[in-house]
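Right, one structure below, let's go through it.
The values are calculated or read from the model by the stated rules, or taken from the named source; none is laboratory data. Remember, predicted model here, so these are calculated numbers, not experimental data. Cβ placement follows ideal geometry from the backbone for every residue including glycine, while neighbour counts extend to all protein chains displayed. SASA here: full protein model, heavy atoms, side chains in, ligands and nucleic acids out. Shrake-Rupley method; radii C 1.70, N 1.55, O 1.52, S 1.80 Å.
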Amino acid sequence: MPPNPLLPFLFLGIVCPLGLGSTAGAIGVNWGTMSSHPLPASKVVELLKSNDVSKVKLFDANPTVLQALSRSNIAVTLGIPNSMLPTFNSSRKAAESWVHDNVTRYFSHGGAGVRIEYVAVGDEPFLLSYGEQFHHFVIGAAMNIQTALTKANLASEVKVVVPCSFDTFVSESGLPSEGHFRTDLNKTMIELLTFLSKHHSPFFVTISPFISFQQNKNISLDFTLFNNDARHHNDGHRSYKNSFDLSYDTLVTASSKLGFPEIDIVVARIGWPTDGAANATSSIAKTFMKGLIDHLHSKTGTPLRPQNPPIETFIFSLLDEDQRSITSGNFERHWGMFTFDGQAKYHFNLGQGSKNLVNAQFVEYLPSKWCVVNNNKDLSNATAKALEACSLSDCTALSPGGSCFNISWPGNISYAFNSYYQQHNQRADSCDFGGLGLITTVDPSVDNCRFFVELQTSYSTFDHEADLFLWIISLMAYFLMFIGFHVGTF
């Protein structure tokens, strides 16, 4: 689904005792900031350190985030949003300017600065729902960024990658041996794999067992959750015990058919949502995560790549985000292992001994106040007011299968009112709703349905305003550069 180009998207790597190399790598976490009240970047970096995170991948070059990461010794992947691909495809000068401003300027030398390892060109630019919007720009943009890194004497330090979506490769029969890239991508994939192979860069890809389970009736929940008792899927003499291996080997077959059987693979996104849909719960997510981590730690690999698991795997994601697009489903705002305020939803071992996830500390909230429906009023118009509130806030927990789906009327009306009230910083007029709203200091949460109190915005508002200003200035500079030099060869 299309991300907001003004908001950064980050990946975080949690190093496990598997070591680095082609047989094992890091287990990582996606950190997205598409939130109305995101945790301050400095607070998130503290969260990463407390959870022994040693790698972070950004989907843009957010200056506030880079400043927070400076001197942290966390290895960083910078990202280039899809919106910038046309410019960097056409203008080598713009690519050089971006590398100077976002790589060279921050690059670590002897512990100072930021440890930049990768530049990710685009955010799943081949996603099927995008059509061919970005197809013609990706390879050229990647090549120009690579050339710019070479000119800056950083090519040996920083690699260029292109994250690919889960629907980049398919198998109509469901068998890995019949896997292939989408026909509209064949030429582009040959060019991409050739580029990656030449520069010894891995293939970044999303694998989504949750969506595969939703869309494919032949895949059971047990098979998706690494249950040992699940019915195996046979492909000739190969037997598949879980959905992850099935998808992974489908990609291996697809790349092999194009002549790249040994390309290194990084699973850039994989996870399980905890709300907003049936089977999206914290308990199921915990089961999935435990199964995934155990499988990766076993080093068994897959039937097509035994003893050769992905060199890195990035869990999706770190935090819930109430501004993510819900085009694909209401669960999209609930991928986090942590709630929006940095509190763990469940605990499991990420490969750091017996250590569980560590919560964010000293989080600053708005006052303990909620907006609920006033039961002493005529509520004949309450549903209409609630629908209006939900159109301007996040009510995905009220979805069928969601954590608040079973609360009775008018409790669901109160949830909608409070969601709007919190997202608007608890302003008194944001709990009006034609006189139907009532501010209370009594927590209206019911069972697993949490009526949240939003975060203080003294940090996040400043961060977003500063980021937005710098982003606009950067875009204007690249645009003007492109216009000014359009007659030349870049």
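Of note:
- Between N279 and N356, the C-beta separation translates, for a Förster distance of 25 Å, into a calculated FRET efficiency of about 0.60.
- 0 to 90° range, to nearest 10: angle between helix 460-484 axis and the chain longest Cα axis: 40 degrees
- In Å², nearest 10: area of H232 left accessible to a 1.4 Å probe: 70 Å²
- Heavy-atom accessible surface of V453, to the nearest 10 Å², is about 20 Å², with a 1.4 Å probe and all protein chains retained.
- Averaged per residue, the chain has 42 square angstrom of accessible surface, using a 1.4 angstrom probe with ligands and nucleic acids left out.
- Using a cut-off of 19 Å between Cα atoms, the listed pairs K241/K355; K241/K290; K290/K355; K187/K257; K57/K159 include K241/K355 as exceeding that distance.
- Full-stretch length increase - S256, A155 - with 0.36 nm per residue and alpha-carbon distance subtracted: 33.7 nm
- Per-pair calculated FRET efficiency, R0 = 60 Å: N375 and R238 via Cβ, rounded to 0.05: 0.45
- Gyration tensor (alpha-carbon) shape descriptor, the chain, a/c threshold 1.5: oblate
- Heavy-atom accessible area with a 1.4 Å probe sorts T104, T274, largest first, into T104, T274.
- Reducing the stretch 128-154 and the stretch 32-64 to their Cα centroids gives an inter-centroid distance of 25 Å.
- Anchor K377: aspartates and glutamates whose Cα lies under 15 Å away (excluding residues fewer than 8 positions away in-chain): D432
- By accessible area, using a 1.4 Å probe on protein heavy atoms only, the chain has 54% of its surface on carbon and sulfur.
- Spin-label proximity, S50 to the stretch 309-340 - amide N less than 20 Å from point 7 Å beyond Cα toward beta carbon: 317-321, 336-340
- The chain - share of DSSP beta bridges that are antiparallel (%, nearest 5): 50 percent
- Put a dot 7 Å past the Cα of S391, heading toward its Cβ, do the same for H135, and the two dots end up 3.6 nm apart.
- Considering only alpha-carbon pairs that sit under 8 angstrom and 6 or more positions apart, the relative contact order computed for the stretch 283-333 is 17 percent.
- J(HN,Hα) series, the stretch 73-87, from Karplus relation 6.51 cos²θ - 1.76 cosθ + 1.60, nearest Hz, glycine and proline x: 6, 8, 6, 10, 10, 7, x, 10, x, 4, 4, 8, 4, x, 5
- Calculated FRET efficiency for the pair L221/E178, C-beta based, R₀ 30 Å, to 0.05: 0.80
- Heavy atoms of C395: accessible area, 1.4 Å probe, square angstrom to 10: 20 Å²
- Three-way shape call for the stretch 86-140 based on the alpha-carbon gyration tensor, with the a/c threshold at 1.5: oblate
- Inter-site label distance for A384 and D443 at 7 Å from Cα along Cβ, in nm: 3.5 nm
- Estimated inter-spin distance, H347 and V363, nm [label 7 Å along Cα→Cβ]: 1.7 nm
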